[in-house]
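Contents: one structure, followed by commentary.
The values are calculated or read from the model by the stated rules, or taken from the named source; none is laboratory data. Just so you know, these numbers come straight off a predicted model, no measurement behind them. Cβ coordinates were reconstructed from backbone atoms using ideal geometry, including for glycine residues, and neighbour counts include every protein chain displayed. Quick note on the areas: whole protein, heavy atoms, side chains included, nothing else; ligands and nucleic acids left out. Shrake-Rupley method; radii C 1.70, N 1.55, O 1.52, S 1.80 Å.
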Amino acid sequence: MKYLFTILIGAALNYALFYVLPFWWAFAPFAFIYFLLLPQTSGWRNFSAGFLMLFLPWLLAYIIKDAANDHVLSARIAAMFSMSSGIFLFVIISGIMGLISGLSANAAYFLRKK
């Protein structure tokens, strides 16, 4: 239950952070501090919670922002990289950001463990 609670609260805070802060890289220090305060039982759980708490809200934010302009820009960028859809582009970008957030959460776990 704590695992799911950590993901949901972190995702909500991260989604709000996306709209409040003007710089995109704020998610990494946020994940580090968040998981210093709310650690999980293992490094794997910390990593997966950090990954999911960022991947889901950013993917949702990308899709919402993309729908507002009728998928024009994402379709052109996807065509530039020979992708079939802009959604695949969003999954890749959100996955990379989720990986960074997961590694940041894992660093917090190992710092706290030591």
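Here is how the numbers come out for the structure above:
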| item | result |
| --- | --- |
| From the options SER84, SER104, residue that is open to solvent by 40 Å² or more (accessible area, probe 1.4 Å) and of a type in the set (Gly, Ala, Ser) | SER84 |
| Candidate set: the stretch 15-29, residues that are under 11 Å from the mean Cα position of the chain (by Cα) and touching a residue at least 60 places away in the same chain (Cβ under 8 Å); chosen: the one farthest from PHE110 (Cα to Cα) | PHE27 |
| Criterion (under 30 Å from ARG112 (Cα atoms) and loosely packed, with under 14 Cβ neighbours inside 10 Å) met by exactly one of PHE23, PHE18 | PHE23 |
